[in-house]
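Undergrad: Below is the structure I would like to discuss, written out as structure tokens.
Every number here is computed from the coordinates shown, using simple stated rules; none is lab data. Being a predicted model, the structure only gives us computed values, none of them experimental. With ideal geometry, Cβ positions are generated from the backbone for all residues, glycine too; neighbour counts draw on all protein chains shown.
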Amino acid sequence: MRMNRAHALVCAFAVAAAFAVAPAQAVERTVTVTGEATVSAAPDLAVIRIGVASSAKTAREASDANAQQMTSVLTVIKAAGIADGDVQTSRLALQPQYDSSRPGISKLVGFQLSNQITVQIRDIDKLPNLIDRAIAAGANEMSGMEFVVSEQSKLLDKARSEAVADARRKAELYAQAAGSKVGGVLSIGEEGAASPVVYPMQAMRAAGTPIAPGEKTLRVTVTISYDLTN
């Protein structure tokens, strides 16, 4: 009996000593917040996708007709002062055309050639007149237009700084309410930025109608985790 008691005392002492020696595990204390910021700017660049679709009984006839119309459209665009480097072919497709009016029978009736170009207009004031003249010259395909802020990266950098400051402000509010202080940054993540504004074909076919690009809003959202200290 005495041996059992002595053994038990030794075991209890060993366990107590182990807990006394082992360091307490630190509890990670963090705060994660989201910061947001927006900047607005007037677009200074327009991009349009415009072209010619020509149909004929043979591929050669469709190609010849398309080339003639497209030459007229390009002549109008260059006459408007658009540099060669701002005009680029973006789509060229030749497709057979079938008559499917009778069930189960598809008869080849001709070909359609579609030739589309992307044009950058650096003077937005020229845009309405350019579209009207291109249509008059034979353009019959438009897939939309986009207004762009050329200095977008600089504006986004400004918004990033403001978003980080917004996140810090929120973190300090939470930390103060919890009786702590904000320490160092543990991680930073950014979520998407602005997407281009695209206008449909119908909006561009109203000849003579003024086009108002308005303002483009660029938004930056950041998620930041901070260490909390006493």
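Undergrad: Glu36 to Gln97: extension gain in nm, 0.36 nm per residue of separation minus the Cα-Cα distance?
TA: On the way: separation 61, 0.36 × 61 = 21.96 nm, distance 5.17 nm.
The span from Glu36 to Gln97 would gain 16.8 nm if fully extended.
Undergrad: Between Ser153 and Ala80, what length comes free when the chain is fully extended (0.36 nm per residue of separation minus the Cα-Cα distance, one decimal in nm)?
TA: Numbers: separation 73, 0.36 × 73 = 26.28 nm, distance 2.88 nm.
Here the answer is 23.4 nm.
Undergrad: Next up: So what's the convex hull volume per residue for the Cα atoms of segment 45-148, in Å³?
TA: In segment 45-148, the Cα convex hull volume per residue is 105 Å³.
Undergrad: Now for a separate question. For Arg91, enumerate residues with amide H under 5 Å from its amide H, sequence gap 5+ or separate chain, H modeled in the peptide plane.
TA: For Arg91, whose amide H was placed from the backbone, the distant partners under 5 Å are Gln116.
Undergrad: If you put +1 on each Lys and Arg Cβ and -1 on each Asp and Glu Cβ, how big is the dipole of segment 45-148 around its Cα centre, in Debye rounded to 20?
TA: On the way: 10 positive and 10 negative charges, 70 e Å.
For segment 45-148, the charge dipole is close to 340 debye.
Undergrad: Under 5 Å between amide hydrogens, which residues at least 5 positions from Ala139 or on another chain qualify, with H placed 1.01 Å from N in the peptide plane?
TA: none
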